[in-house]
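Take a look at the structure below.
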Amino acid sequence: MDRNLKIFLIAVITLSFISQFLSFKNDLVSLINIITNLAAFLGLLYASIYAKKVYPHLYLTLILLSAGQFFSFVGDLTWFILESILLQSPFPSVADVFYLLYYPLFAAGIFTVPVRRYSDVKSLIDLLIILVASASAAWVFLVKPTVLAGGNPMYVLVAVLYIVGDLLILFMIMDLIINKMGNFRSRTIYIFLASIALLLTADISFTYQTITGIYAKGTFQDLFWAFSYIILLVAVNEFFNEDWNMPTYLTRKSSVVTYIPYAFLVLFYILTAYSLIETDAKNSPELLLSLGIIIVLFVVRQHLSMRENTILLNEVDNERERAENYLEVAGSLIMVLDENSRVKLINSRGLEILECKRGDVEGKNWFMVFVPPEDRNWREGLYKKKISSGEGGYYLTGNIITCKGNRKTVAWHVRFLRENGEFMGSIISGEDITEVERTRKALEMSEKRYREIFELAPSPIISLEDDLTIRDCNNRTESVLGYRKDDLEGRDLRELIHPEDSGEDVEGIRRLIKADGDVIYGNLKLTHAGDELILIVEDQTDTIRSLREKELLLREIHHRVKNNLQIISSLLSIQERKLESEELSRLLRESRDRIRSIALVHEHLYRSTDLTTIRISDYLLNLISKISQGQVEKGSLRIRTDIDDIEFNLETSLPIGLIVNELVSNSLKHSGAENITVALKGVDGMFELVVSDDGVGVESPDALEKAGSMGWHLVNALANQLDAEMKVEAKKGLTVTLRFRELGYIKRY
């Protein structure tokens with residue numbers, strides 16, 4: 001039970017107990033009834049909403065019960081307002097209208113409970129017995145005293161309608177129990193019936209006490225309504241714990257249901273006796289008439305029972321015919337052999353399997369005619385051995401020869417027939433599994449071919465559980481990894497992977513530890529095959545080692561290119577010192593700086609991890625540092641950089657380095673700037689390089705073109721190589737902006 005519901009129940013029961021010791025207990029009891037009635041209505045309403053989505057067949061029932069409970073709640077609320085707040089008489093009043101609407105709606109909800117109905121003449125008579133007994137008792141003890149008491153006709157009419165409403169719900173409950181509940185098992189329904197039974201008890205008790213003038217307000221009896229609402233709320237809670245798409249039905253009706261009419265008969269007898277004693281037989285005509293009707297109904301019921309017994313006896317005579325019909329419609333071969341192994345009876349399916357007519361089978365010795373000669377001796381010997389051992393039967397799969405000479409494979413189930421311990425024959429059922437056997441053999445051949453492919457595969461193949469436990473492996477695994485198959489089975493695959501390469505994902509290039517401790521490189525590929533994982537290991541050891549050797553060779557090439565460029569730079573420096581012309585010295589110095597920029601690219605490639613890309617920020621910072629050495633006096637000029645952490649290939653890095661070299665060198669030598677800025681950013685899917693200074697600048701961008709310097713022509717050529725958009729601004733110094741995309745890398749090896 002839900003925790004909140006338990007707390008609510010405990011609180012209501014505790015408050016109900018306390019209310020009996022308070023002076024204002026009548027108002028408090030009324031409030032308890034209102035609260036519990038509202039809770040029951042809300043529970044039914046929530047169940048209706050839930051059923052509309054999950055159990056549509058229950059929606060009508062629950063919505064009718066909810067509607068009835070709603071009017072009951074409104075009736076309680078109206079009664080409380082009239083009696084306790086407005087200090088008016090609540091009976092008869094508008095509250096009675098709401099109460100009376102409750103009965104037909106709730107009765108309709110009970111009637112529409114969608115469970116299997118078992119209506120028959122006996123059930124109808126049982127219901128009539130209950131109706132006559134309860135209606136007679138209600139007339140004598142409730143309706144008649146109310147009518148004879150006289151008074152306001154409206155008062156009498158409303159009181160009688162309450163009694164009729166209770167009888168209506170009682171009759172619907174009996175219909176539910178007798179015609180539906182006899183074979184149905186449901187905790188929800190049982191608890192629901194208990195709540196209605198308590199509600200009817202409270203109604204009948206209230207009506208009787210009111211008629212006899214012994215009713216007292218706010219007593220424990222008034223709490224019966226609240227308790228019935230609480231039980232109804234428990235039934236709603238239980239509703240969510242049952243699967244109403246698969247209701248549970250019993251194989252036979254509960255015996256309790258059969259005796260319900262007897263219970264009403266006993267009740268009627270007790271009330272009759274009480275009435276005769278208390279009223280001095282004044283009501284005896286009505287009661288005796290009712291009793292006579294009930295007795296007649298019971299006689300009719302007993303007659304029907306005797307008639308049913310006669311029908312059952314007649315059905316016994318037809319049992320053999322029905323059994324034979326069942327044999328004919330059976331989907332399996334069914335036959336009966338006598339004590340001499342001759343066929344006494346065989347069904348149509350059996351003739352179909354044997355490809356025979358009935359006359360070709362019945363009376364023939366089964367083993368001599370239909371069992372293949374090579375199997376005849378051992379099959380007949382097994383049959384006789386099982387008979388002599390006293391066993392009840394056995395299973396067997398064996399071949400038969402049909403009347404057309406075809407061979408078929410049949411799965412047999414043999415049961416021996418004995419009377420008083422004496423063998424009388426056997427009943428045999430068989431399933432034609434010829435195609436199943438062919439399929440099985442084809443699967444075996446397929447598995448054999450799969451096994452051969454598995455074992456002869458050129459790569460190691462390992463079968464794994466979902467948790468990477470090794471189930472099986474092929475022979476190639478042993479030759480590559482050095483483990484025997486028995487050593488690998490049951491081990492975790494991750495134990496074979498080098499600790500530095502282990503992780504959640506085992507696929508990809510991984511180092512595998514061989515049985516002798518050596519390490520190989522394997523490309524691991526996982527795939528699902530049915531209920532297992534298949535791991536294919538491609539030995540990449542030679543390939544990776546070859547790549548490592550090539551990588552070392554490439555690094556050595558880059559290193560030597562860098563060294564050669566540095567040698568050229570050094571030679572130019574030596575040549576520069578021997579020149580007397582300042583102009584020639586300047587040209588050699590600029591060429592030397594350009595060569596140094598190119599050499600720096602190869603130095604960074606040599607140090608790079610993949611030999612194809614350069615971290616541009618490290619490269620440019622290193623380049624700017626070398627350019628500015630000896631030219632920037634401390635405190636007189638600052639070079640600021642703002643470069644994103646980007647990696648470029650060689651095709652892009654070299655032009656950028658040469659452009660930065662030319663522009664920064666120009667700013668250092670000719671601009672007289674105090675601040676130089678180099679920025680490289682990614683902007684809108686492109687890259688933007690900005691080199692600016694706050695020096696003297698130029699008159700206009702065209703002046704740079706007219707100057708015809710080697711450096712500016714080189715910048716233009718490199719910008720075209722990058723396919724860059726170049727923008728030059730000559731205000732407050734010089735700013736050069738290039739927007740470009742990374743050039744495609746051309747593989748050279």
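The values are calculated or read from the model by the stated rules, or taken from the named source; none is laboratory data. Here the structure is a predicted model, which is why all the values come from computation and not from measurement. Every residue, glycine among them, receives a Cβ derived from its backbone with ideal geometry; neighbour counts consider all protein chains shown.
Against the conditions (1) of a type in the set (Asp, Glu); (2) at pLDDT below 85; (3) within 47 Å of the chain's Cα centre (by Cα), where does residue 83 fall short? Just the number, please.
Every listed condition holds for residue 83 apart from (3).
In region 638-676, what residues are in a loop (DSSP other than H, G, I, E, B) and either surrounded by fewer than 19 Cβ atoms within 10 Å (Cβ to Cβ) or on the phi > 0 side of the Ramachandran plot (or both)? Steps first, answer last, please.
Applying the first criterion (in a loop (DSSP other than H, G, I, E, B)) to region 638-676 yields 644-646, 672-674.
Correct list: 644, 645, 646, 672, 674.
If a residue must be out of contact with any strand residue (DSSP E or B) (no Cβ under 9 Å at 6 or more places or on another chain) and either within 19 Å of residue 660 (Cβ to Cβ) or at pLDDT 85 or above (or both), how many such residues does region 679-717 contain?
7
Can you report the number of residues in region 507-517 which are exposed (fewer than 13 other Cβ atoms within 10 Å of the Cβ) and in contact (Cβ under 8 Å) with a residue 24 or more places away in the chain?
Step one: list which residues in region 507-517 are exposed (fewer than 13 other Cβ atoms within 10 Å of the Cβ), which gives 507-508, 516-517.
Within this subset, residues satisfying the condition of being in contact (Cβ under 8 Å) with a residue 24 or more places away in the chain are 516.
So the answer is 1.
Just to check your reading of the model, which residue among 76, 27, 2 is modelled with pLDDT of 85 or more and acidic (Asp, Glu)? So that I can check it myself, show each step before the final result.
On the way: 27 fails: modelled with pLDDT of 85 or more; 2 fails: modelled with pLDDT of 85 or more.
76 is the lone residue from the list that is modelled with pLDDT of 85 or more and acidic (Asp, Glu).
When the residues of region 201-242 are narrowed to those that are of a type in the set (D, E, K, R) and assigned to a helix (DSSP H, G or I), which ends up nearest to residue 147 (Cα to Cα)? Write out each step before concluding.
The first filter runs over region 201-242 and keeps only residues of a type in the set (D, E, K, R), leaving 203, 217, 222, 238, 242.
Within this subset, residues satisfying the condition of being assigned to a helix (DSSP H, G or I) are 203, 222, 238.
Numbers: 203: 18, 222: 24, 238: 42 Å.
In this case the residue turns out to be 203.
Could you figure out which of (1) over 46 Å from the mean Cα position of the chain (by Cα); (2) at pLDDT below 90; (3) in a helix (DSSP H, G or I) isn't true of residue 91?
Going through (1) over 46 Å from the mean Cα position of the chain (by Cα); (2) at pLDDT below 90; (3) in a helix (DSSP H, G or I) one by one, residue 91 breaks only (3).
For region 388-404, how many residues meet the condition of being farther than 15 Å from residue 374 by Cβ, more than 51 Å from the chain's Cα centre (by Cα) and not hydroxyl-bearing (Ser, Thr, Tyr)?
Selection size over region 388-404: 3.
Looking at (1) over 30 Å from residue 260 (Cα atoms); (2) not in a helix (DSSP H, G or I), which is the only condition residue 75 fails?
Only one criterion is unmet by residue 75, namely (2).
Counting just the residues of region 490-530 that are out of contact with any strand residue (DSSP E or B) (no Cβ under 9 Å at 6 or more places or on another chain) and closer than 16 Å to residue 461 by Cα, which one comes out modelled with the highest pLDDT?
494
Within region 418-452, restricting attention to residues that are among the polar types (S, T, N, Q) and either surrounded by fewer than 10 Cβ atoms within 10 Å (Cβ to Cβ) or in contact (Cβ under 8 Å) with a residue 40 or more places away in the chain (or both), which residue is nearest to residue 334 (Cα to Cα)? Spell out the reasoning first.
First, the residues of region 418-452 that are among the polar types (S, T, N, Q): 420, 426, 429, 434, 439, 446.
Going one step further and asking which of them are either surrounded by fewer than 10 Cβ atoms within 10 Å (Cβ to Cβ) or in contact (Cβ under 8 Å) with a residue 40 or more places away in the chain (or both), we end up with 420, 426, 429.
Details: 420: 24, 426: 11, 429: 4 Å.
Here the answer is 429.
Please note which helices (runs of 4 or more DSSP H) are completely contained in region 275-383 and include at least 1 residues that are modelled with pLDDT under 70 and farther than 22 Å from residue 417 by Cα.
Numbers: elements: 284-317, 319-329, 348-354, 366-370.
Qualifying helices (runs of 4 or more DSSP H): 284-317, 319-329.
Would you check if there is a residue in region 611-632 being farther than 29 Å from residue 677 by Cα and at pLDDT 70 or above?
Checked region 611-632: no residue is farther than 29 Å from residue 677 by Cα and at pLDDT 70 or above.
Is it the case that region 11-26 has a residue that's surrounded by fewer than 16 Cβ atoms within 10 Å (Cβ to Cβ), over 47 Å from the mean Cα position of the chain (by Cα) and in contact (Cβ under 8 Å) with a residue 24 or more places away in the chain?
yes
So which residues in region 479-500 are surrounded by fewer than 17 Cβ atoms within 10 Å (Cβ to Cβ) and either under 22 Å from residue 543 (Cβ atoms) or aliphatic (A, V, I, L, M) (or both)?
Within region 479-500, 479, 482, 498, 500 meet the criteria.
Could you please let me know if residue 107 is at pLDDT 80 or above and buried (at least 18 other Cβ atoms within 10 Å of the Cβ)? Talk me through it step by step, then tell me what you get.
Working: at pLDDT 80 or above: yes; buried (at least 18 other Cβ atoms within 10 Å of the Cβ): yes.
Taking the combined requirement at face value, the residue satisfies it.
With respect to residue 679, determine if the residue is in a loop (DSSP other than H, G, I, E, B), in the same structural domain as residue 641 (by TED's automatic domain parsing) and among the hydrophobic types (A, V, I, L, M, F, W, C). Break it down stepwise before answering.
Working: in a loop (DSSP other than H, G, I, E, B): no; in the same structural domain as residue 641 (by TED's automatic domain parsing): yes; among the hydrophobic types (A, V, I, L, M, F, W, C): yes.
The answer is no for residue 679.
With respect to residue 451, determine if the residue is within 30 Å of residue 536 (Cα to Cα) and either of a type outside the set (A, V, I, L, M) or in the same structural domain as residue 488 (by TED's automatic domain parsing) (or both). Spell out the reasoning first.
Values: within 30 Å of residue 536 (Cα to Cα): yes; either of a type outside the set (A, V, I, L, M) or in the same structural domain as residue 488 (by TED's automatic domain parsing) (or both): yes.
For residue 451, the condition - within 30 Å of residue 536 (Cα to Cα) and either of a type outside the set (A, V, I, L, M) or in the same structural domain as residue 488 (by TED's automatic domain parsing) (or both) - is met.
Looking at region 381-408 only, could you name the residues that are touching a strand residue (DSSP E or B) at 6+ places or on another chain (Cβ under 8 Å), closer than 17 Å to residue 367 by Cβ and hydroxyl-bearing (Ser, Thr, Tyr)?
Listed by number, the residues that qualify are 383, 394, 397, 402.
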